[in-house]
Amino acid sequence: MENPQTPIMEERKGRRIIMFPLPFPGHFNPMIELAGIFHHRGFSVTILHTSYNFPDPSRHSHFTFRNVPHNKEGEEDPLSQSETSGMDLIALIRQLKQSYAEPFRQSLAAEVRGGGDTVCCLVSDAIWGRNTAVVAEEIGVRRVVLRTGGAASFCAFAAFPLLRDKGYLPIQDSRLDEPVTELPPLKVKDLPIIETKEPGDLYRVVNDMVEGAKLSSGVIWNTFEDLERFHFMDCNSKLQVPFFPIGPFHKHRDDLPFNTKNMEDCKTTEWLNKKDPQSVVYASFGSLAAIEEKEFLEIAWGLRNSERPFLWIVRPGSVRGSEWLESLPCGFIENFGDKGKIVKWTNQLEVLAHPSVGAFWTHCGWNSTLESISEGVPMICTPCFSDQHVNARYIVDVWRVGLVLERSKMERKEIEKVIRSVMMENGDGMKERCLELKEKANVCLSEEGSSSKYLDKLVSHVLSFGSYAFAS
Ligand code: UDP
């Protein structure tokens, strides 16, 4: 890692990067991590953020935050809590893109033309799509895209037109176990779709993401070359823009400014400290997935019956029809005592890095997948939607660092069985493979590693844009 006093840091002084994250934790967190990486390399960072899922700027004091206001005074807010609570994810993304298109244009123009530090470029989440490309070009600022998912799933998204032509999409229940010969090792059931009332919108969002990436000056990936080498070649040939796999972002430095802990996190660490090494099952299904009450109860009994200590994240509202834990049988929590812990949210990076954690029961969101790989923790994979299915297939069949527990088979006996298999000492060499993959991630981040080299290239690339005047 370079010395902050080097002349090159001087060169970046007064250079600013503007970021526009999508307002969901699985997208916002990696953008903030990336902001930390740029900041460490001497850039100043301004985050344009939506008022929907408003972040807490006090947790990220290194960056400047600017609110992008989306609703005109006196008009009803289409993104208020009450309007969005029942929306499906694709409808919500469509609404976000619509509502923020014009306000984003105004905010970016104000930032770029407002003076102060020279703006090097905009980094926008890939899902914002072509609108950010059009706006950046109009204002005269170069745009780099952050793709917060993996390269394998991006290839599957980019193949949507082909998959539709060949009849794989829309998915038919009778073909779920058929291989997709054009995208091995995926099966039809692994294709990254999101259930929505308007399937046309799903195809439009995906197409817009892919086309928007093609129009960019480069794509930054939160993954590493050794993990997805083949898919980078594929993405590269499809997108024809420079690409920068510099992940895992969160492992670049120990002191990234986002990695803060609250009181509850400290209590969780204290609880983990009292457990035996590799004895705890950590269960979390990310920031968006919701489950039925019946599934919730099967998970509860499965965890309890496995007789392993467990740390379970239950987000308020994530069990349909419940506020939080009220559907658990009376006395259930008291019964497992100190053996289990249920919390609403935790510092997942800290939990996965804790020596007591022996397995991660996950929905296979890309961040969770990469965070688990980075810590060498075996996974139990219960994908729910979108790229999670692709990620699970790679975890189980390609990297072989996890077992699958399909959502349709999430029944207490099955849960107990899978937990026991994953936690079994030296199962079938899974733990060794996890540690090998963790080592590969570490090597990528070492001085001569691929992620470090790509980061150097990214920094030079961004600096080569010069000032904000657009040069195609
Ligand atoms: N996360 C967290 N605490 C929790 C649950 C999740 O910090 O209790 C973080 C997790 O570390 C990851 C993100 O939320 O960075 C979830 O992203 P992911 O891509 O795994 O899933 P998504 O939420 O997008 O479905």
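The values are calculated or read from the model by the stated rules, or taken from the named source; none is laboratory data. All figures in this text were calculated on a predicted structure; none of them were measured in a lab. We place every Cβ from the backbone using ideal geometry, glycine too, and count neighbours over all the protein chains shown. Only protein heavy atoms, including side chains, enter the accessible area calculation; ligands, DNA and RNA are left aside. Shrake-Rupley method; radii C 1.70, N 1.55, O 1.52, S 1.80 Å.
Of note:
- Selection of first residues in the range 139-157 that are more than 21 Å from PHE249 (Cβ to Cβ) and of second residues that are within 16 Å of the ligand (Cβ to nearest atom), restricted to Cβ pairs under 7 Å at least 6 apart or on distinct chains, gives the following pairs, ordered by first then second residue: ALA156/PRO192; ALA156/VAL390.
- Count of the range 181-239 residues, restricted to those that are of a type in the set (Asp, Glu), buried (at least 16 other Cβ atoms within 10 Å of the Cβ) and outside any helix (DSSP H, G or I), is 0.
- Tally, over the range 79-102, of residues that are crowded, with 23+ Cβ neighbours inside 10 Å and hydroxyl-bearing (Ser, Thr, Tyr): 1
- Within this structure, ASP165 fails the test of being touching a residue at least 60 places away in the same chain (Cβ under 8 Å), more than 16 Å from the ligand (Cβ to nearest atom) and of a type outside the set (A, V, I, L, M, F, W, C).
- Qualifying residue in the range 384-397 (condition: touching a Gly at 6+ places or on another chain (Cβ under 7 Å), within 21 Å of PRO355 (Cα to Cα) and open to solvent by 10 Å² or more (accessible area, probe 1.4 Å)): no
- Near pairs, Cβ below 9 angstrom, 6+ apart or cross-chain, from the range 21-50 (free of Cβ contacts under 8 Å to residues at least 24 places away in the same chain and open to solvent by 10 Å² or more (accessible area, probe 1.4 Å)) to any residue that is more than 12 Å from the ligand (Cβ to nearest atom) and among the β-branched types (Val, Ile, Thr): none
- Search result, residues across the range 103-138 that are open to solvent by 10 Å² or more (accessible area, probe 1.4 Å), charged (D, E, K, R) and in contact (Cβ under 8 Å) with a residue 40 or more places away in the chain: GLU111, ASP117, ARG130, GLU137
- The condition of being within 25 Å of CYS444 (Cα to Cα), of a type in the set (D, E, K, R) and at pLDDT below 85 holds for only one of GLU10, GLU33, GLU2, that being GLU2.
- Those residues of the range 394-427 which are over 23 Å from LEU176 (Cβ atoms) and of a type in the set (Phe, Trp, Tyr), in sequence order: none
- Within the range 242-266, the set of residues being within 14 Å of the ligand (Cβ to nearest atom), at pLDDT 95 or above and open to solvent by 30 Å² or more (accessible area, probe 1.4 Å) comprises LYS251 only.
- Sub-8 Å Cβ pairs linking a first residue in the range 335-354 that is within 24 Å of GLY317 (Cα to Cα) and open to solvent by less than 40 Å² (accessible area, probe 1.4 Å) to a second residue that is at pLDDT below 95 and of a type in the set (Ser, Thr, Tyr), at least 6 apart or interchain, are ASN347/THR260, ordered by first then second residue.
- Subset of the range 168-192 [in contact (Cβ under 8 Å) with a residue 40 or more places away in the chain and touching a Phe, Trp or Tyr at 6+ places or on another chain (Cβ under 7 Å)]: LEU191, PRO192
- When we screen SER327, SER306, SER322 for residues that are open to solvent by 10 Å² or more (accessible area, probe 1.4 Å) and more than 27 Å from the chain's Cα centre (by Cα), the only hit is SER327.
- The set of residues in the range 278-302 that are away from the ligand (no atom under 16 Å from the Cβ) and in a loop (DSSP other than H, G, I, E, B) comprises GLN278, SER279, GLU292.
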